[in-house]
Amino acid sequence: MLNAAETAQWMGQSGIHPAGWRILGVYWVKLVGVTEGATRWLSALCTILTLALVYRLSVDLFDQQTGLYALFLLGTTPLIIFYMREFRPYPMLALVTAGLLLSFLRWVRRLRFNYALLFVMFGITALQTHYFAAYVLAGLSLTFVTLARWDRGRYLRAFGLFAAIALSFTAWLLPVINGLVAHGPLGYPLPTKWSTLVIVHDDLQLSPPSLGQLLLLVALLMPVGAQFVRRPCKHIFRFGEEWRKGYILLVPLFVLAIAFALNTWKSSITTRNLIVLLPPLAVLLAFALRRLPWQAQVAIVTLIAVPALTDFRAYRQGPAYRQMVNFIESHYEPDDRFLITGINAARPLAFYLFDRLPTRPTKSNLFFVGYPTFHLLKLEHLENLILTPEPEALADFADSLVGAQRLWYLYGKEDRALLDPFLAILQKDFALYRIGQATTDITYHFREYRRVPANLRDLAHFGETISLQGWNLPGGVSVRACQEVPFESWWRALDAPGADLGIGLVLADATGQGVARVDAEPSGARTLDWAAGTYHLDGRTLRVPCDLPPGDYPLLIGMFDMVSTEPLPIYTPDGTPSGSTLYYLTTLTVTP
Amino acid sequence: MTRVERPAVILLAALLLLASVALHTAHFHDRNFREDEIYTVHAAQIMNLSEVVQWLGMGGVHPPGWRLAAVGWVQALGEAGKSEPIVRHFSTLVTLIALALLWRLGADLSGWPLGAYAVFVLGTLPFAQFYMHEFRPYGALVLVTAGCTLALLRWVRRPTFARALLFVAFGVAALQTHYYGGYLLAGLAVAFVLLVRWERSLYLRAFGLFFAIAFSLTAWLLPLLHRFVAGAGGVTYALPSDRRFFQQLYDEMMPVPMAIGDLLVIVGVLGMAQGLVGWLRQGRPAGSERYRFGPPGRVLIVLAVPAVALALAFVTNRFGTGNATPKNLIILVPFMALVAALGVRQLPWQARLAVILLITYPALTTFRTYRTNAPYRELVAFMTPDYRPGDKVIAHVQDYAASTQVLFYYLHDRLPGSLTKADMFHIGGSSHRFPYDPIANQVYTADEEALAGFERFLDGAERAWLITYNRSELLDPFLEVLQRHYADAQKGVLVADRTVYEIVAYRRIPETLAPLARFGEAIRLEGWTLPEGVSVRTCQEVPFESWWHALAAPEADLGIGLALADASGMGVARADAEPSGLRSLEWRADTYHLDRRTLRVPCDLPAGDYPLLVSMYNVKTGEALPAFTPDGASLPSPLVYLTTLIVSER
């Protein structure tokens, strides 16, 4: 819904995150569409480029085999497998981190203009991707000072490059300052404590973690030696050949130190932000792996590959958005109402419904119960955010139902005290028709309610407590063999049934023998949950057998106890026993 | 090795060995005995050595050798032989020797560093830390495994009589330690055939040695056959004979972190394969090479023996009797340690150091409990101060298979003045029996006969102790009988590992009780005593006992307040707490309860007369319960006057 300029404005409102990646993401979606698979190809592309750059970096520092191991280690890290596929800035952040490390290394070794340009391009992209990229640039500059020998010309030019990158960010400086100063801390960053280091370690580590620890220890202890020297750089770097290891060790160390230092002032550390540590660390661990004997290399590759292929660590589970839309889509009409509660991310759900349903729902038709009414500066404001069931809110909800034929009730954790007043209004005129659920981080429930028609009447009583009030064959009475015949029936609980009952729909032949039947619980709530005086709509399809000879076949309906399978006796509305356990509805005319 | 190196290596070996057993001992210091350990210690209290052989002969499977040594050890220790840490020094000693033999075996195979790494791996292995330190045969099984392998390898290298004798001695010891020693010997025999070149005289002599070892078991053959033919044969807790067999062994036996263990084993195996391939590529050199695959072939014994033993165990478990358990298969562990050590040795020093750090850290900081124990030691500690011979002990312990009788043995051996079988009553529990010393008074139902028997059992006793675990409804009728005559006086909740036992001390209700006051609607004070009289001194801890009668079950958590007041009625000392026995929420209607507490007289209290008062209060709200006279008249204060203490200065 936004163009590039509007996206920049939107991002500017919150201030922290620069607009670059988001603009790219918006146009990518405009290009490929909104489905999960297609949008995430941008991340896949970034991942491929990241791996390629990490390989190149490893080869530049060490050798090809180290490059291959770095690819392997980075590609099998659980955090990379998870966050590098989400449609979020983290794959790009990893990409620019690898790009910065590689282009800067190349430039330092050979001060060519095109390397400088490449580095500045990566730097600008990095700052436009995520604010943690600034930590990488800071870490890189500190590493340069630590490792590179004093050479006035090189130092001046290097800091010129950093200045050029910083200069590109001036336009975004005010929103960032505003974001940092005006906004309070976010709720989810990690605190500045030792335990945070443990969490970062646990989340970023290889699987099995002890092999990551082993490789890290070996990398720290193992000297680089002369094995990888192809182009000596003694005149550029200090510490002999150890600068190679220092380059990929110091950058993540400085980044981590800067992140922790700034975290004390403004909480910002999350393990996914620290994805910037992984490309250089993968090269470091690959160096260690490369230096082990071949037997250990084989063993470690095997022991890492097996869990990478067989396990998937889900760092965060998203709500069941897709399952909700799948449930709604087939019956959805543009004028439908929505009642949403107990779902943590209500706004993303609303956006998902806006974008995925065949026709965008009207905001005024969406009611969010149990959500704060204030608006953060977000992409699009929602209406009808209701915190508590105040009379005014209930009246608005009742008014909104006028004229509606269908309501979708979507919930995660259901607070009955909060919801009951709304459900009481709903159930006055609406009957539960279908239910569904899906479990991701929690279990989400989806319910379809339909308006109770005004023309219902007592047709027959099943047992003491249930009345058949109406039925409908949307496809008419003329059917063909092999056809799935849709059928709807309206029921009213005269009293709570207190038993688990099923509905049986039967097609009989001239002798009264059933030729097709569909027995199942009601499509909505189980009868055990039917309250006295409530209406219920059952929807089901009856398959006409393919070998059924053409002719007329009576359609009958009954109810039975799900536990004992005994059918319920049927009475006429005035209480006279019908003498049968099946009620005649109509006659279907079957054609070949 | 130079003159300097040799003592340095010996010193390193000594330090490593001591560090390993020190680590085991530290982890095991506070652990209770398991049932097998209690059996052995109990056997030492009631049997001589020939009776031990008879006892084991009745079971049939386990040869008596290790048990004889263990019983002898306990008997040699005298009274100290009942203490867990001291008894387990036997296992410490065995573990030390086992590790020393493993070092030597590793050194023989491929130099002392291999031995050192193998000792490190075994010493830090959670499985070995646990099972080698229990007072059970598993430490010795590792010892004889390392000893047999070492002795055989040495004999193959130089077939002298002394070495033959050593091998036979270790073999006989193996068979007398545990019947899985037989699997080990079978593995060694097959490995010998696989790895040692054909040489008629050597083969003949080797099988002579194996025969001699087998011959030593002939005396035990009949009990063994009897067990497998006439008895059930296997054990109910054997490993399943499918993929889980190997999975469970892997999960329990691998070093921690497991990925490092995997790495070392894979590297070790690949290293051996590389050595073998290298030797084969060189072509089979002519000469007097004793092993089929040259020097690398000798090392293959660390794969061949466990592979054969494991295959045998699996096949027997699958097609014969189910008897494979991870602890029986501890014979695999020394070989696994050697393979892992081969892996360590192939790594560069930086990786070796990293591996050592990564294995050492969890070994020092964590302890894996393979089997949980019951709080036996804590039970004895709880009972000892008040226990008198003749006290009745009632057990309702629905724990592991042998828990019922084991509890009796433990209490019998340790309570001051002992506990007789006739003084212990078992309600439910396991039916497992130690054939040599069966327990008495066990019932499984609450029928009239059982309840009458229980009444007779209690008859006349002044004190009773009720021990419960996994309480069931079966206890309720017996509890009713018990509470008819006895009042709870003290309760303990005792924990070992994750097992929680409860114990309640009961005292016979005196016939002299009479209503003194009522608190709230349902609780009556019916008696009190000051065992040390009313004359007290400052700083003194004054013991006080009071008898309470619950007319109905209280619905609140109530506390008892004991207060010493001055002339103005102000409290100068008080002891407020829940009843010393059951919490009032557990009081049933028409039951009696004895509360015992002490009141400390303040050190700065001036000499004089001080009224002693008692009250009840709601623990949650702090509100005092109204007090009434026995005939129902309301008292003006919730505090009821008991007596006056005469305080004199210390």
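The values are calculated or read from the model by the stated rules, or taken from the named source; none is laboratory data. Since we're looking at a predicted model, the values are computed, not measured. Positions of Cβ are backbone-derived with ideal geometry, glycine not excepted, and every protein chain shown enters the neighbour counts.
Structure summary
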quantity: Filter pass, residue B:106 being under 17 Å from the mean Cα position of the chain (by Cα) and of a type outside the set (S, T, N, Q); calculated: no
quantity: Unique residue being small (Gly, Ala, Ser), under 20 Å from residue B:482 (Cβ atoms) and in contact with a Phe, Trp or Tyr (Cβ under 6 Å, 6 or more places away or on another chain) when the list is B:559, B:581, B:527; calculated: B:527
quantity: Hits in the range B:480-504 - residues which are under 20 Å from residue B:595 (Cα atoms) and among the polar types (S, T, N, Q); calculated: B:483, B:490
quantity: Near pairs, Cβ below 7 angstrom, 6+ apart or cross-chain, from the range B:203-224 (within 20 Å of residue B:291 (Cβ to Cβ)) to any residue that is modelled with pLDDT of 90 or more; calculated: B:205/B:159; B:206/B:192; B:209/B:164; B:209/B:167; B:209/B:168; B:210/B:185; B:210/B:189
quantity: So residue B:197, is it over 30 Å from residue B:345 (Cβ atoms), of a type outside the set (Ser, Thr, Tyr) and more than 14 Å from chain A (Cβ to nearest Cβ); calculated: no
quantity: Qualifying residue in the range A:272-284 (condition: under 26 Å from residue A:51 (Cβ atoms), more than 32 Å from the chain's Cα centre (by Cα), within 14 Å of chain B (Cβ to nearest Cβ) and not charged (D, E, K, R)); calculated: yes
quantity: Qualifying residue in the range A:338-358 (condition: in contact (Cβ under 8 Å) with a residue 60 or more places away in the chain, of a type outside the set (A, V, I, L, M), closer than 10 Å to residue A:408 by Cβ and surrounded by 13 or more Cβ atoms within 10 Å (Cβ to Cβ)); calculated: yes
quantity: Residue match in the range A:558-573 (condition: without any contact (Cβ under 8 Å) to a residue 24 or more places away in the chain, of a type in the set (Asp, Glu), loosely packed, with under 13 Cβ neighbours inside 10 Å and under 16 Å from residue A:465 (Cβ atoms)); calculated: yes
quantity: Residues being in contact with a Pro (Cβ under 9 Å, 6 or more places away or on another chain), under 19 Å from residue B:555 (Cα atoms) and hydrophobic (A, V, I, L, M, F, W, C) - total across the range B:595-620; calculated: 1
quantity: Count of the range B:76-97 residues which are more than 18 Å from residue B:34 (Cα to Cα), surrounded by fewer than 16 Cβ atoms within 10 Å (Cβ to Cβ) and of a type outside the set (D, E, K, R); calculated: 3
quantity: Selected residue [part of a helix (DSSP H, G or I), farther than 30 Å from residue B:224 by Cβ and either at pLDDT below 95 or not aliphatic (A, V, I, L, M) (or both)] from B:37, B:51, B:79; calculated: B:79
quantity: Given (1) of a type in the set (Gly, Ala, Ser); (2) closer than 20 Å to residue A:460 by Cβ; (3) part of a strand (DSSP E or B), index of the condition residue A:516 fails; calculated: (2)
quantity: Check on residue B:541, over 16 Å from residue B:645 (Cα atoms), out of contact with any Pro (no Cβ under 9 Å at 6 or more places or on another chain) and touching a residue at least 24 places away in the same chain (Cβ under 8 Å); calculated: no
quantity: Any hit, the range A:75-84, residues being in a helix (DSSP H, G or I), over 21 Å from the mean Cα position of the chain (by Cα) and either buried (at least 24 other Cβ atoms within 10 Å of the Cβ) or on the phi < 0 side of the Ramachandran plot (or both); calculated: yes
quantity: Flag for residue A:282 being assigned to a helix (DSSP H, G or I), within 27 Å of residue A:190 (Cα to Cα), without any contact (Cβ under 8 Å) to a residue 40 or more places away in the chain and not β-branched (Val, Ile, Thr); calculated: no
quantity: Selection count, the range A:294-310, where residues are touching a residue at least 12 places away in the same chain (Cβ under 8 Å), at the interface with chain B (Cβ under 8 Å from one of its Cβ atoms) and either outside any helix (DSSP H, G or I) or within 16 Å of residue A:66 (Cβ to Cβ) (or both); calculated: 1
quantity: Test: residue in the range B:482-489 that is in a helix (DSSP H, G or I), in contact (Cβ under 8 Å) with a residue 12 or more places away in the chain and of a type in the set (S, T, N, Q); calculated: yes
quantity: Residues (within 14 Å of another protein chain (Cβ to nearest Cβ), part of a helix (DSSP H, G or I) and of a type in the set (A, V, I, L, M, F, W, C)) located in the range B:345-386; calculated: B:349, B:351, B:353, B:354, B:355, B:356, B:357, B:358, B:359, B:363
quantity: Residue list for the range A:25-35, filter: more than 20 Å from residue A:360 (Cβ to Cβ) and either hydroxyl-bearing (Ser, Thr, Tyr) or free of Cβ contacts under 8 Å to residues at least 60 places away in the same chain (or both); calculated: A:27, A:28, A:31
quantity: Number of positions in the range A:190-228 that are within 14 Å of chain B (Cβ to nearest Cβ) and not hydrophobic (A, V, I, L, M, F, W, C); calculated: 12
quantity: Failed condition for residue B:529, given (1) closer than 20 Å to residue B:393 by Cα; (2) of a type in the set (Val, Ile, Thr); (3) free of Cβ contacts under 8 Å to residues at least 24 places away in the same chain; calculated: (1)
quantity: Qualifying residue in the range A:185-199 (condition: at pLDDT below 80, outside any loop (DSSP other than H, G, I, E, B) and aliphatic (A, V, I, L, M)); calculated: no
quantity: Residue count, the range B:388-421 (criterion: polar (S, T, N, Q), over 20 Å from residue B:373 (Cα atoms) and in contact with a Gly (Cβ under 8 Å, 6 or more places away or on another chain)); calculated: 0
quantity: Residue match in the range B:573-583 (condition: crowded, with 16+ Cβ neighbours inside 10 Å, closer than 15 Å to residue B:540 by Cα, free of Cβ contacts under 8 Å to residues at least 40 places away in the same chain and out of contact with any Gly (no Cβ under 8 Å at 6 or more places or on another chain)); calculated: yes
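Conditions tested, residue by residue: (1) of a type in the set (Gly, Ala, Ser); (2) farther than 21 Å from residue A:431 by Cβ; (3) modelled with pLDDT under 90.
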residue: A:490; (1), (2), (3): no, no, no
residue: A:520; (1), (2), (3): yes, no, no
residue: A:531; (1), (2), (3): yes, no, yes
residue: A:551; (1), (2), (3): yes, yes, no
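Rundown of residues vs (1) closer than 27 Å to residue B:237 by Cα; (2) surrounded by 19 or more Cβ atoms within 10 Å (Cβ to Cβ); (3) not basic (Lys, Arg), yes/no style:
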site: B:388; (1), (2), (3): no, no, no
site: B:395; (1), (2), (3): yes, yes, yes
site: B:442; (1), (2), (3): yes, yes, yes
site: B:476; (1), (2), (3): no, no, yes
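Each row is one residue, and each column tells you yes or no for (1) in contact with a Pro (Cβ under 9 Å, 6 or more places away or on another chain); (2) over 22 Å from residue A:269 (Cα atoms).
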{"position": "A:61", "(1), (2)": "no, yes"}
{"position": "A:82", "(1), (2)": "no, no"}
{"position": "A:94", "(1), (2)": "yes, no"}
{"position": "A:126", "(1), (2)": "no, no"}
{"position": "A:150", "(1), (2)": "no, yes"}
{"position": "A:155", "(1), (2)": "no, yes"}
{"position": "A:159", "(1), (2)": "no, yes"}
